[in-house]
1. For the stretch 30-79, give me each residue that is part of a loop (DSSP other than H, G, I, E, B), over 25 Å from residue 19 (Cβ atoms) and acidic (Asp, Glu).
2. Spot the failing condition for residue 27; the list is (1) surrounded by 13 or more Cβ atoms within 10 Å (Cβ to Cβ); (2) not in a loop (DSSP other than H, G, I, E, B), and only one is missed.
Amino acid sequence: MTMRTMELTLNEVLFQRLERAARPAGLSVSELVLQLLKRWFGEITVAELEQQEITAYQRMPVVADEFDVWESEQSWGEE
C-alpha cells in the first residue's frame, strides 16, 4: 500500500493531549494519529489489535492469582 504524507495543524492543547496519550504506548504522535484514524474508519487489522494487547500486558502484566476469583464462575455444575 502506498503511503502519503500530509501536514496537519493543531492547537497546542490538542497536540499536548496527543503527546501525553502517545507516550505511555511508546508511539510518536504521528503513529497515534494514524492508529486513531484507522480505528475511526474501522481499518484496524487483527495484527494491530494483537500488538495493542501485547503492549497493554507489557505495561500491566498479570499478577499471580489475579483471575483465581473467576474459577468458581466457570463451573457448569458438572461433578
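We did not get these values from a lab; they are worked out from the coordinates using the rules stated. Computed from a predicted model, the values in this text were never measured in an experiment. Cβ coordinates were reconstructed from backbone atoms using ideal geometry, including for glycine residues, and neighbour counts include every protein chain displayed.
1. Those that are part of a loop (DSSP other than H, G, I, E, B), over 25 Å from residue 19 (Cβ atoms) and acidic (Asp, Glu): 65, 66, 78, 79.
2. (2)
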